[in-house]
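The values are calculated or read from the model by the stated rules, or taken from the named source; none is laboratory data. Computed from a predicted model, the values in this text were never measured in an experiment. Cβ placement follows ideal geometry from the backbone for every residue including glycine, while neighbour counts extend to all protein chains displayed.
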Amino acid sequence: MVMKRYLVYLLLCYSIEAQNDWRKVHGSREYSISGVAKFEKGFLVVHDNKKKSQPRISYLDKSLKLRKLVWPEPKLPYDLEALHKMPGFKNKFIAMESTGKAYIFYIDPFNFRIEIVQTFTLPGISNKMNLEGLAIYNSAQGQIFLYGDRGSNKRSSTLIVALYDPTNHNIFEVSKFEVELPIPEKSKRNIADLTIDINGGVWTAATSDPGNNGPFKTAIYQVGQMNNTGTFDFNHPSLLKPLMIIENQKVEAMIFDKGDLILMTDNENFGATFLRINETLNE
């Protein structure tokens, strides 16, 4: 069982309210973090801003200092909610808006200049959806995109799984899975971000977002499993129980880094925080 690969403290629903463990990244709402990808010795992060003067993407170094990067086009992205490195490249990434519009770009590791190479809209979404998570799995059949609508108390989330062809940016063989998680119970978002571990486990951050001043809450789940053929196996509803419950933080960006789980937050008026959980996976 995949669950046996996780450490005991996760299985005991490790509560990460110990605020001493969380490190402040920035106190401004403009620099709250809604997506993350590994880059060089630090991370690229995106911000879900909508106004012209506000940052869209930054570099976060290992000391947690943010460097605002310049978006190369006059029309800025609207509400960036996810970021992922493209498989097989050191400096090629995809960023996704809540609308499903995606930007594939290169970033120069020396001067941090961004070059956009392709834009397109992800298929299978409706006007009611608000996308907040994107992950990519490199299978024997090709690259598999997983992206999710955040949902609410009134409607379940939708997790979309599709095959991506990088030669022409076509996305096809679209499958949809309904996601309804038990915690949080109020002001819920079943999918605030998605990530995939080294064993193919698909993780989501489910959040409670009652407003810009909180109080926030996050529950971390493994919702299914990718296999090498590119098939996604959705966990039985009885297995959809939180591995972690986090009080007073709204996690919207997470990534595995050498077995550690990295969590970053969009805490709205309280800015962004960072947590590294060492050796989350028994490799």
* Any idea how many residues of segment 153-196 are touching an Asp or Glu at 6+ places or on another chain (Cβ under 8 Å) and of a type in the set (Ser, Thr, Tyr)? -> 4
* Structure fact -> Selection from segment 178-212 of residues basic (Lys, Arg) and either under 19 Å from Gln141 (Cα atoms) or not in a loop (DSSP other than H, G, I, E, B) (or both) yields Lys188, Arg189
* Structure fact -> The lone condition Asn91 fails out of (1) touching a residue at least 60 places away in the same chain (Cβ under 8 Å); (2) within 23 Å of Asp197 (Cα to Cα) is (1)
* Structure fact -> Filtering segment 152-177 down to residues that are on the phi < 0 side of the Ramachandran plot, part of a strand (DSSP E or B) and not hydroxyl-bearing (Ser, Thr, Tyr) yields Leu159, Ile160, Val161, Ala162, Leu163, Asp165, Asn170, Ile171, Phe172, Val174, Lys176, Phe177
* Structure fact -> Matching residues in segment 192-219 (within 17 Å of Ser152 (Cα to Cα), aliphatic (A, V, I, L, M) and in contact (Cβ under 8 Å) with a residue 40 or more places away in the chain) number 3
* Asked: Got at least one residue in segment 53-68 being part of a loop (DSSP other than H, G, I, E, B), modelled with pLDDT under 95 and out of contact with any strand residue (DSSP E or B) (no Cβ under 6 Å at 6 or more places or on another chain)?
  -> yes
* Is one or more of the residues making up segment 246-255 over 16 Å from Leu44 (Cβ atoms) and surrounded by fewer than 17 Cβ atoms within 10 Å (Cβ to Cβ)? -> yes
* Asked: Restricting attention to segment 137-158, which residues are buried (at least 18 other Cβ atoms within 10 Å of the Cβ) and closer than 18 Å to Lys90 by Cα?
  -> Tyr137, Gln143
